[in-house]
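**Q** Below is one structure. I have some questions about it.
What follows draws every value from the coordinates through simple rules; no lab data is involved. Only a predicted model underlies this, so the values are computations on that prediction, with no experimental measurement involved. All Cβ positions, glycine included, derive from the backbone under ideal geometry; neighbour counts span all protein chains shown.
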Amino acid sequence: MPKKRPVVWVAIADGEHARVVAPTAVRHQFATRIAIDSVTAHKRAAELGGDRPGRVFESATTARHAVVPKNDPHELAKRKFVSEVARTLNEHAQQNAFDRLVLVAPSRTLHDLREELGPQAAAKVVGMVAKDLTGVKDNELPPHLAEWWVPPPGEFP
């Protein structure tokens with residue numbers, strides 16, 4: 001009885017864009033299965049954070065100082081986006097849409113994404129690459145991801 005070819009998904013993400021690619025039947029090629037883009041990717045900080053920081057008076061003088069926000073609105077938006085990507089991967093892991101998962105993202109995003117994965121998705125992670133490949137087209141991915149291209153049963157790599 002022939003073995004079933006494991007379904008490998010490669011999640012490629014940064015703080016604003018993500019896509020899931022999977023190996024195709026064509027040798028060492030990948031095709032996009034899911035694409036997710038942040039709706040806040042190109043917004044200004046003022047649009048993300050509401051109104052301007054408040055001002056405080058200096059007790060010794062009449063000088064005023066702007067209160068520095070405790071969190072960067074862009075960083076918060078990126079983390080929220082990474083959580084959305086992880087949620088999508090978690091849902092598909094629960095549906096057994098893939099057998100193996102490879103995470104590809106810049107170091108900080110990779111860490112955040114890994115932390116957000118649920119137990120089912122995390123158990124399927126077989127590799128991680130700390131690179132930003134979001135701008136790389138599907139047909140240019142093989143040199144970066146060839147190690148995770150799984151040949152169909154009966155075909156030798």
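**Q** Could the peptides 119-129, 73-83, 8-18 be put in order, highest first, of the mean number of other beta-carbon atoms found within 10 Å of their residues?
**A** My ranking of the peptides, most packed first, is 8-18, 73-83, 119-129.
**Q** Using a simple spin-label model with points 7 Å from Cα along the Cα→Cβ vector, what separation in nm is obtained for Arg87 and Arg100?
**A** Rounded to a tenth, the inter-label distance reads 3.0 nm.
**Q** In addition: Under 18 Å from a point 7 Å along the Cα-to-Cβ line of Ala130: which residues of the stretch 87-123 have their amide N that close?
**A** Only 102-116 fall inside the zone, counting backbone N under 18 Å.
**Q** A follow-up question, please. Could you sort out which of Lys78/Lys137; Lys4/Lys137; Lys80/Lys131 sit more than 24 Å apart by Cα distance in this structure? Don't jump to the answer; show the numbers that get you there.
**A** Numbers: Lys78/Lys137 22 Å; Lys4/Lys137 28 Å; Lys80/Lys131 20 Å.
Pairs exceeding the cut-off: Lys4/Lys137.
**Q** Return the FRET efficiency for the residue pair Asn139, Asp72: r is the Cβ-Cβ distance, R0 is 35 Å, and the value is rounded to the nearest 0.05. If you can, show how the numbers build up before the last one.
**A** Values: r = 35 Å, r/R0 = 1.01.
Efficiency for this residue pair is about 0.50.
**Q** Let me ask something else. Spelling out what I want: for every residue of the stretch 133-148, take phi, set θ = phi - 60°, compute 6.51 cos²θ - 1.76 cosθ + 1.60 (Karplus), and round to whole Hz; glycine and proline get x.
**A** Residue by residue, the stretch 133-148 yields 10, 5, x, 8, 6, 3, 6, 9, 6, x, x, 8, 10, 4, 5, 9 Hz.
**Q** What is the set of long-range amide H partners of Ile34 at a cut-off below 5 Å, with H atoms built 1.01 Å from backbone N?
**A** Amide H neighbours of Ile34: Val20.
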